[in-house]
1. Taking the full set of protein chains and a 1.4 angstrom probe, give the accessible area of SER486 in square angstrom, rounded to the nearest 10.
2. I need the calculated FRET efficiency for the pair LYS429 and VAL640, taking r as the beta carbon distance and R₀ as 30 Å, to the nearest 0.05.
3. For SER149, SER363, write out the residues from largest to smallest accessible area, computed with a 1.4 angstrom probe and no ligands counted.
4. Work out, step by step, the length gained on full extension between SER247 and GLU189: first 0.36 nm times the residue separation, then minus their alpha carbon distance; give nm to one decimal.
5. On the full set of protein chains, 1.4 Å probe, figure out the accessible area of MET575 and give it in Å² to the nearest 10.
6. Assign one of three labels to the chain, namely rounded, prolate or oblate, based on the Cα gyration tensor with a ≥ b ≥ c the square roots of its eigenvalues; rounded applies when a/c is under 1.5, prolate when it is not and a/b is larger than b/c, and oblate otherwise.
7. Note down the net charge around ASN357, summing +1 for each Lys or Arg and -1 for each Asp or Glu among other residues with Cβ under 15 Å from its Cβ.
8. So what is the relative contact order for the chain, in percent, with contacts set as C-alpha pairs under 8 Å and at least six apart?
Amino acid sequence: MKRLLFIDFETQSEIDIKAGSYRYVQGLYFKPVCMAYSFLDELDVHTWTPDMPFPLEIATGSTLVAFNMEFEYNVLHSKWFEYNGYDTSGIKVSDFVDVQALGLTFGFPASLDKLAKALQVHHQKDAKGTRLINKLCVIKKGKVPTLESHTKDFEELYDYCRKDVLATKACYDMMVKKTLSPIEQQVFEHTLLQNQRGLPIDIDAVRTIYRKVEAYKDVCNKELAKVTNGVVTKGTQVKRITDYLKSIHPFITSLGKDKIEEYLKHPSLKSHAKEILELRQATSHSSTAKYKRIMQMIEDDNRVRGNLGYHVGHTGRFAGRGFQAHNLPRAKFDDPEKVIQQFMEWPLHGLMEEYGNVGAAASKLIRPMIKAPPGKMLMVADYKSVENVALHWIANDQQTMQDFRDDLDQYKTYAARRFNVHYDDVTDKMRTYAKPCVLGLGFGGGEFALMRVADGYGIKLSEQAAINDKQFYRRTFPMIPTLWYSVNDAVIKAVQDETITEVKTGTVTLRFIKRGTYLFTILPSGRFISYPAPTIQLDSKYGNPCMTYMGLETNQWRRLGDQHRVVNGIPTPDMPIHGGRLVENIVQATARDWLVFGLLEAERRGFKVLLSVHDEGMAEVEETATGSNLDYFIDALCTVPDWAPDVPLKAEGYIAKRYKKD
């Protein structure tokens with residue numbers, strides 16, 4: 001059995017690390033500054049620097065352990081090692097243990113400093129590292145700090161690197177499980193494989209659209225300065241704009257996206273204020289930032305890599321990295337190819353005449369910037385109502401499951417019941433009304449939650465109407481509230497009695513295990529959701545027992561669901577973590593497990609998977625691919641594991657040159 005070797009690199013590059021480690025290690029000035037390393041069973045931490053022979057035999061003969069191993073892997077496979085005569089090609093992803101990935105599966109933060117603090121380990125990450133890295137590792141204007149010119153600083157950097165290894169070892173030692181399960185190891189390696197393949201980009205269009213949007217912002221900023229008599233010179237000067245508008249309309253207090261939309265509809269809004277608000281809108285689109293990030297990340301083969309983060313969501317879901325492919329605008333053009341061509345060929349004034357807000361138009365084109373290279377196409381498939389399928393499957397709602405098997409529209413079936421009409425007689429208006437009920441009431445949401453969801457669909461519900469809908473939903477699907485209450489009771493008992501409890505629905509058995517400082521929810525797949533440091537408190541509103549646990553929220557590690565929370569000296573209890581929220585986690589995690597199983601099946605069938613976004617998978621295929629190839633891909637995604645043999649997963653997809661919201 002190989003020994004565990006903990007490693008950490010510090011490096012130099014002129015490329016911003018925000019461009020991702022794949023692009024970072026390709027910098028002209030990239031080089032490793034040092035590597036700290038230590039075996040698990042030794043106290044000493046060794047330091048390698050480039051003036052020494054690299055300990056390749058030790059590295060290749062060990063299981064390497066790192067925090068965010070993707071960075072260390074990319075460093076080891078950089079051109080620097082090849083140019084200096086070291087063959088690192090034999091080091092595989094499977095040769096690593098990633099402490100970051102282990103921590104994420106237990107519900108911990110994704111950064112080493114926050115993980116070390118959360119675990120309260122003896123060795124903490126050194127806070128002075130940021131200063132040293134900015135001083136020694138970020139190369140600006142070709143000026144490379146050297147050991148000769150910064151001897152003391154480099155010695156501190158080596159020490160910082162050694163401390164990172166100690167912190168990683170300490171965190172690893174605290175992990176209840178030291179490796180991922182076999183299936184999760186496959187998922188982890190497949191995530192990195194997608195990152196290594198990268199997304200193909202229409203880089204010429206990206207650069208042109210970015211220039212046009214920047215030019216449009218300049219026009220808007222000049223107009224903003226003109227209409228405010230120089231008080232405001234840029235659309236990014238939020239406080240100046242707010243203060244200026246407040247002097248016209250005291251009700252204008254913030255410039256959030258939703259607030260601006262609200263102000264623009266205000267009946268007493270003056271034309272002068274309207275113009276300023278519209279100019280603020282025009283300059284505040286995040287589209288420019290995404291185009292800029294793509295340009296930072298782009299490699300010589302016109303791909304961006306490192307787009308996925310493994311298990312970043314508490315339930316195991318992936319998260320976007322880099323230019324955030326998981327957070328692309330939903331708005332779209334019916335014919336994006338035509339609009340892209342206009343951006344490529346038309347002058348700015350022509351685009352302004354055609355589209356008005358050029359930034360808003362550009363934001364609709366971010367998704368189709370992902371474009372298959374010559375000879376290839378993108379194949380994309382998206383599950384249909386997968387979380388609703390998971391909810392009703394877990395709750396053992398056989399009637400709804402049959403509806404899914406019969407490929408009936410979930411919103412129409414609900415509307416037919418709600419309005420007491422035949423399925424075929426459901427109108428578009430009835431279907432639209434049913435949508436927020438189906439989406440907003442499955443996880444314990446009450447009337448106010450339903451009113452918020454409905455508002456997003458342009459439906460204004462009175463409180464009484466929302467109460468009526470809530471009650472109808474719960475009468476229609478009684479097994480779902482039963483599931484909430486059963487899960488809540490099982491969790492409370494498991495935490496209070498430090499024991500194992502079960503919820504048997506007839507379809508699945510959910511298990512809840514309190515072990516040490518964790519509560520584990522064992523999913524139908526056998527995977528677990530971890531809740532660190534669980535406790536039971538009484539709901540501040542109704543006095544019912546509910547669970548709290550430690551987790552990350554708004555980048556802060558704190559107790560979630562805390563009914564005793566105090567903010568700025570004011571009692572501010574959290575939203576209770578009730579059975580509905582716990583069921584939501586189980587449902588989301590189960591849908592995720594179906595997705596990764598389907599993606600791995602697609603890979604086994606020969607598809608080159610590039611990305612998964614929410615409930616969607618994307619592969620790169622030959623230009624000759626046909627509808628039968630798409631059917632085969634969809635069939636792979638909808639292949640269910642042995643633990644869910646009767647689940648009627650369905651998906652829809654397309655083959656196209658550009659990525660789109662279908």
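1. For SER486, the solvent-accessible surface is approximately 40 Å².
2. Working: r = 35 Å, r/R0 = 1.17.
Result of the calculation: an efficiency of 0.30.
3. Working: SER149 75, SER363 15 Å².
In descending accessible area the options line up as SER149, SER363.
4. Values: separation 58, 0.36 × 58 = 20.88 nm, distance 5.68 nm.
Result for the pair: 15.2 nm of gain on full extension.
5. Result for MET575: roughly 120 Å² accessible.
6. Values: a/c = 1.44, a/b = 1.12, b/c = 1.28.
It is rounded, given that a/c, with a ≥ b ≥ c, falls under 1.5.
7. Taking every other residue near ASN357 into account, the sum is -2.
8. Working: 1064 pairs, mean separation 85.6, N = 662.
Result for the chain is 13 percent.
The values are calculated or read from the model by the stated rules, or taken from the named source; none is laboratory data. Note that the coordinates shown come from a computational prediction; the quantities given were computed from them, not determined experimentally. Cβ coordinates were reconstructed from backbone atoms using ideal geometry, including for glycine residues, and neighbour counts include every protein chain displayed. What goes into the accessible areas is simple: the full protein's heavy atoms, side chains included, and nothing from ligands, DNA or RNA. Shrake-Rupley method; radii C 1.70, N 1.55, O 1.52, S 1.80 Å.
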